[in-house]
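Let me begin by presenting the structure, written as structure tokens, before commenting on it.
The values are calculated or read from the model by the stated rules, or taken from the named source; none is laboratory data. Nothing here was measured: the structure is a model prediction, and the numbers come from that model. For neighbour counting, all protein chains shown are included, and Cβ atoms are generated from backbone atoms with ideal geometry for every residue, glycine included.
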Amino acid sequence: MMTDHQWLMTSQALNTLRKLRKRIQAEFDITLRFSDFDFESHLAALKHRTQDEQSRALIAELEGLRGSPFQVDNEGAPRLYRGRQVLVEEEKKRDIYEMIYGDELALHGGQDKKPDTPVKMYRGRAVSS
């Protein structure tokens with residue numbers, strides 16, 4: 001998603017946005033705020049949901065002023081570190097060995113690596129309770 005909002009600073013874009021805001025408020029009872037970080041993804045979603053042809057035409061006009069179509073941001077922007085994408089943890093917590101070996105975990109002794117009971121540590125040393 002484009003983070004440069006210079007296209008919003010033209011009088012034509014602002015007038016179109018004001019008209020579109022009123023129409024979206026009337027149809028969906030949603031208040032669009034230009035300062036929202038996901039403003040453009042809201043417009044992309046509303047483009048497909050609206051039944052009003054005039055609203056679709058206004059969104060298409062804004063896409064023309066922007067220079068590229070609005071896209072729905074389902075996953076969010078990829079996290080980057082020094083220009084490379086960062087691995088995002090999944091919902092289900094997975095062991096690093098399971099991530100590497102997958103179904104072959106048993107062949108690599110992955111089941112032997114996990115202790116049955118957690119060991120309590122104090123200042124780097126195992127403590128018995």
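Here are some notes:
- Only residues that are among the charged types (D, E, K, R), outside any loop (DSSP other than H, G, I, E, B) and over 17 Å from F70 (Cβ atoms) were counted across region 9-52, and they come to 3.
- In region 17-49, residue surrounded by the fewest Cβ atoms within 10 Å (Cβ to Cβ) [restricted to those that are out of contact with any Ser or Thr (no Cβ under 9 Å at 6 or more places or on another chain) and among the polar types (S, T, N, Q)]: S35
- Qualifying positions in region 1-39 - modelled with pLDDT under 75 and among the aliphatic types (A, V, I, L, M): M1, M2
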